[in-house]
Amino acid sequence: MRSSSEPGGEARLALAAGVSAYVIWGLVPLAFQLLGRMGVSAWEILAHRTIWAVPTALLFVLAARQGGRLIAVLKTPRTLAWLALSATLIALNWMVFIWAVNAGRVLETSLGYYINPLLNMAAGALIFRERIDLTGKLAIALAAVGVAVQALALGHLPWISLTLAFSFCGYGIVRKRVAADAQTGLFVECLFLAVPSLVFVAWLQAQGAGEAGRNPTALAWLIACGPMTALPLVLFAWAARRVPLSAMGFLQFIAPTMTFVMGVTQGEPFTPLRAWSFVFIWGGAGVFAYGAWRRSRGAIAAEKLAVAAAE
């Protein structure tokens, strides 16, 4: 196994972390659907997801020996404000996603996460001054056509897709800018979300409406949502600070492909017009992937030349 201290070693580790995060996200909808069949509402799933993510995130902080950094973050109002914003964005993303996968609208979530990488590319150009070449512009144009066709197929704007895409793009931007490590930042985000979640769960139990209080199997799955939430977010945040935003966007094609297959195999309506919307989206994804591959070849060649010159 290559050490992260070797040329490109950390980049390879960051790439592996990013891939792992998206594979987990591609499988998580199955757990939410299982909880939905047990009668657990989307709001209850979201609340428990944030509550049980706190101890998991704390373990990551302790394992990374970042206690001192955590204290520093808690003493920095500016950093706390950024993390409060990122927590709000990810909570919005989670809520819409949980509701959608349990409402038979998995294909719309898939479309949203196909759009997201192209939004990341545009954000990389606007905020981080990453250059968009001709293939990037073509990819964004194809995605825009795909969204328009999807709107025609649905009879309205694909608000689920757009909300998921913009909220997660915003989350990635904030986490790339915030002065906090992956583990520390996630723990603070979870703390922000856990307070209202605890209040909501307590209210549910007092009303006798919480499934977690009367269904041990549901409670076990809700507790498992903590690690399922914290692990991919830590992997994503760690990778996002070490990989260009446009490259992270490329990895995001993994999860929506998994959820697309899930939605089709579960029998969601897939009309010819809706199929055309995905054709345009896939076209944009393919053009984007080609551009990313071409840029990566250039970067690898430049790295080899630099190593050779140093020797």
Sort out which residues of the range 7-36 are surrounded by 17 or more Cβ atoms within 10 Å (Cβ to Cβ), within 12 Å of the chain's Cα centre (by Cα) and not hydroxyl-bearing (Ser, Thr, Tyr), and write them in order of number. GLY18, ALA21, ILE24, TRP25, GLY26, VAL28
Which of the residues spanning the range 37-50 are crowded, with 17+ Cβ neighbours inside 10 Å and closer than 12 Å to LEU222 by Cβ? VAL40, SER41, GLU44, ILE45, LEU46, ALA47, HIS48, ARG49, THR50
Return only the number of the condition from (1) over 27 Å from VAL61 (Cα atoms); (2) crowded, with 19+ Cβ neighbours inside 10 Å that LEU193 does not satisfy. (1)
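Would you check which residues across the range 146-170 are buried (at least 17 other Cβ atoms within 10 Å of the Cβ) and over 17 Å from SER110 (Cβ atoms) and list them?
Narrowing the range 146-170 to residues buried (at least 17 other Cβ atoms within 10 Å of the Cβ): 146-147, 149-150, 153-154, 158, 160-170.
Correct list: GLY170 only.
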For ALA209, only one of the following conditions fails: (1) surrounded by fewer than 16 Cβ atoms within 10 Å (Cβ to Cβ); (2) small (Gly, Ala, Ser); (3) part of a helix (DSSP H, G or I). What is its number? (3)
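Going by the structure shown, is PHE200 in a helix (DSSP H, G or I), over 21 Å from ARG129 (Cβ atoms) and modelled with pLDDT of 90 or more? Quick ask: steps written out before the conclusion?
Numbers: in a helix (DSSP H, G or I): yes; over 21 Å from ARG129 (Cβ atoms): yes; modelled with pLDDT of 90 or more: yes.
In short, yes.
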Run GLY104 past the list (1) closer than 22 Å to LEU191 by Cα; (2) surrounded by fewer than 20 Cβ atoms within 10 Å (Cβ to Cβ); (3) touching a residue at least 24 places away in the same chain (Cβ under 8 Å) and report the number of the one that doesn't hold. (1)
Please work out which residue is modelled with the lowest pLDDT, limiting yourself to the range 212-223 and to residues that are surrounded by fewer than 19 Cβ atoms within 10 Å (Cβ to Cβ) and in contact with a helix residue (DSSP H, G or I) (Cβ under 7 Å, 6 or more places away or on another chain). GLY213
So how many residues does the range 51-95 have that are of a type in the set (Lys, Arg) and surrounded by 15 or more Cβ atoms within 10 Å (Cβ to Cβ)? 1
Across the range 150-167, the tally of residues that are in a helix (DSSP H, G or I) and modelled with pLDDT under 90 stands at 5
How do the pairs read when you match residues in the range 196-211 that are in contact (Cβ under 8 Å) with a residue 60 or more places away in the chain with residues anywhere that are hydroxyl-bearing (Ser, Thr, Tyr) and part of a helix (DSSP H, G or I), using Cβ under 8 Å and keeping only pairs 6 or more apart or on different chains? SER197/THR50
Going by the conditions given, is PRO256 over 21 Å from THR56 (Cα atoms), crowded, with 23+ Cβ neighbours inside 10 Å and either touching a residue at least 40 places away in the same chain (Cβ under 8 Å) or not hydroxyl-bearing (Ser, Thr, Tyr) (or both)? yes
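The values are calculated or read from the model by the stated rules, or taken from the named source; none is laboratory data. Just so it is clear, the structure is predicted and the values come from calculations on it, not from any experiment. Positions of Cβ are backbone-derived with ideal geometry, glycine not excepted, and every protein chain shown enters the neighbour counts.
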